[in-house]
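Written out below as structure tokens is the structure these notes cover.
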Amino acid sequence: MNQIFTTIITSLLNQALHLTPASLSALNELTDKIIRINLIGTGNNFSLFPDDKGIFILNNYTGEVDVTVEIAPFTLSHLILNSTANLDNTTEINIIGDKAVAEKLLIIIKQLDIDWEKQLSQKLNSVVYLFGDTMRSSHNYMNLNSLEANLILQLNLPTRTEVRNFTSAVEILRNNLDCLEQQIQELT
């Protein structure tokens, strides 16, 4: 796993933890514990260093750890996102070391209760609330075409055709620019 990606995940996780003070303070129980996650099939691992200020994540840490969780990426996402999944009822997982440390971290992560709509709306102004209102006011939640049309209309966004035409025009412009650059190279 790329260290830049790891840094982004660290930042997002810590922002989520800071939005849920109870989860952040619960990390205090894991201070000085190191949890390694080996992603099966990728050859990558990352190690988590939790404390009461957040979680620091290192890519391919080789020092000693308290617990190692060997798990496939899809299984890891299932474990985190499925409210009934835990370390005992999830298959294709191998735990080496102090299982209680891994369980405590999983509980803390699962207890993150964040109003994502509110958080995004603070970053994107009212667009997210408008999206939420559109979703709630839609008579048929499964009619995504209707939802898309409503959002395009309410937000004055370009249609798919307009975006496709714009993308095609950019591609033509890029090709013309490449040809022009090649002609300039030949002249010099």
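Applying the condition of being under 20 Å from F5 (Cα atoms) and among the hydroxyl-bearing types (S, T, Y) to the range 15-72 and asking which residue is farthest from the chain's Cα centre (by Cα) yields T62. With respect to (1) assigned to a helix (DSSP H, G or I); (2) loosely packed, with under 14 Cβ neighbours inside 10 Å, the lone exception for V101 is condition (2). Select from the range 41-58 the residues that are surrounded by 17 or more Cβ atoms within 10 Å (Cβ to Cβ) and not aromatic (F, W, Y) and write down the one among them that is farthest from I93 (Cα to Cα). So the residue we want is G54.
A short reminder: the numbers here are calculations on the coordinates, not readings from a lab. Note that the structure is a prediction, hence the values are computed from the model and not measured. Note that each Cβ is placed from the backbone with ideal geometry, even for glycine, and that neighbours are counted across all protein chains shown.
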